[in-house]
Every structure is written in C-alpha cells, then in structure tokens.
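Everything below concerns the one structure shown next.
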Amino acid sequence: MAQKKFLKKKIIPFDPLRARTVNDMVSTLATCSFQARNLAYALDVWEAMCRDKKCFRVISLAGAMVPGGMALLVSRLIEKKLVHAVVCTGATIAHDLCNAVASNDQAHYLGSEWEDDLALRAAKINRIYDTYLGEEAFERAETTMARLLPKIKFDQVEQNVRTITTSSFTKQLGSMLHGHSILTAAARNGVHI
C-alpha cells in the first residue's frame with residue numbers, strides 16, 4: 001500500500017524511431033531518468049526564456065566546454081541573439097583564444113583519457129580529459145596577447161593605477177581577433193563576458 005505513494009509514473013524508454021526532430025528527441029527524454037530528464041527540463045527552461053522577450057539570458061560555462069568542442073555552439077547562440085551575457089572561467093577564455101589564433105579556428109584534438117601523462121608531457125601536449133592541446137597553441141595565444149595588450153584601453157587610470165573590467169577587456173580583445181570564436185562573436189554582437 002505504501003508503494004502507491006511513490007510508484008506513480010513508469011519510465012517511458014526513449015525510442016529514436018519516434019523522434020522526428022531534435023526537439024522531439026530532447027522532449028521525449030523527459031520520460032526517462034538521470035541526465036536525460038534533466039536535459040529535457042533544461043530545454044523547457046531555455047524555450048521559456050527565449051520566448052520571453054524581456055528575459056535577459058545569461059549562460060554560465062563551467063568545465064572544459066571549449067576543449068570539448070562546444071565553442072561553436074556558444075558563438076552561434078550569441079550570433080542568433082539568444083544570449084545576452086556569458087559567465088565563464090578564465091580557462092574558457094584561454095582555450096577560446098587558442099582556437100581563435102589557430103588555423104581553422106581549432107587548436108584542440110581528439111585524444112584519450114588513458115594516455116600516459118609523462119609521454120604527453122615529453123611531447124609537449126596538454127591533456128584535458130580526452131582532449132589534447134599542443135603547447136604551441138598556448139605559445140601562439142601568448143604571442144597574440146603580447147601583440148594586442150598594448151592596444152587595450154583601460155577603463156580608468158588614477159594615480160598610476162590602471163583598471164579594466166573583464167567585460168571591457170574581453171570585448172576589446174574579441175574585436176581585435178580574426179576568425180570565429182566566443183570572444184569574436186561576443187564582441188561583434190555586444191554580448192558581455
């Protein structure tokens with residue numbers, strides 16, 4: 001008798017043959033469990049936010065989104081005016097900068113989480129879980145920063161102290177970069193980072 005209180009809705013397994021669109025697929029995940037159901041819930045929240053023209057949409061990027069291949073997704077959301085501000089780590093910006101100065105806007109490679117870290121270190125390769133990034137990518141980013149930093153305008157200079165907000169810094173940096181990245185998309189579309 002006590003079970004009836006808890007056993008109300010059965011899992012409805014995801015059937016890929018019934019999903020005709022990406023929206024169908026993600027919405028159907030609401031009848032599943034774990035992260036599948038959370039993804040469906042996130043889609044519902046996102047759709048409600050996008051329909052509300054007064055909603056100021058902020059995305060927060062945690063973890064290795066750029067090394068994981070999600071930078072283009074984020075920049076496309078910015079370009080489509082679906083994001084008004086980005087909150088992220090400095091590592092996100094560093095990896096995005098590595099991509100922005102790389103050929104074809106991509107510096108990261110598929111790798112393996114099982115590779116020997118000492119062998120990777122000897123080869124001057126950084127590992128971000130199952131993603132590789134050669135040390136030369138960071139060197140190109142640093143060279144680019146050294147060239148662009150003197151062009152950055154500070155927000156305020158008082159008593160020999162220069163200050164600049166992160167938003168102002170990333171906007172100026174993104175406006176000086178070429179290619180396609182979160183930084184460049186944000187700068188071109190007035191999105192604060």
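Any chance the stretch 32-44 includes a residue that's of a type in the set (A, V, I, L, M, F, W, C), touching a residue at least 24 places away in the same chain (Cβ under 8 Å) and open to solvent by 60 Å² or more (accessible area, probe 1.4 Å)? No - not one qualifying residue is present in the stretch 32-44.
Taking the criterion of being among the polar types (S, T, N, Q) and more than 20 Å from the chain's Cα centre (by Cα), would at least one residue in the stretch 107-119 satisfy it?
Among the residues of the stretch 107-119, at least one is among the polar types (S, T, N, Q) and more than 20 Å from the chain's Cα centre (by Cα), which makes the answer yes.
Residues in the stretch 85-126 that are open to solvent by 60 Å² or more (accessible area, probe 1.4 Å) and under 30 Å from Lys54 (Cβ atoms) were compared, and the one that is modelled with the lowest pLDDT is Thr89.
Filtered by the rule that a residue be surrounded by 15 or more Cβ atoms within 10 Å (Cβ to Cβ) and of a type in the set (Ser, Thr, Tyr), the stretch 47-77 gives a lone residue, Ser75.
The values are calculated or read from the model by the stated rules, or taken from the named source; none is laboratory data. If you're wondering where the values come from, they're calculated on a predicted model, not measured in any experiment. Positions of Cβ are generated from backbone atoms using ideal geometry, with glycine treated the same way; all protein chains shown enter the neighbour counts. All accessible areas refer to the heavy atoms of the entire protein, side chains included, with ligands and DNA or RNA removed. Shrake-Rupley method; radii C 1.70, N 1.55, O 1.52, S 1.80 Å.
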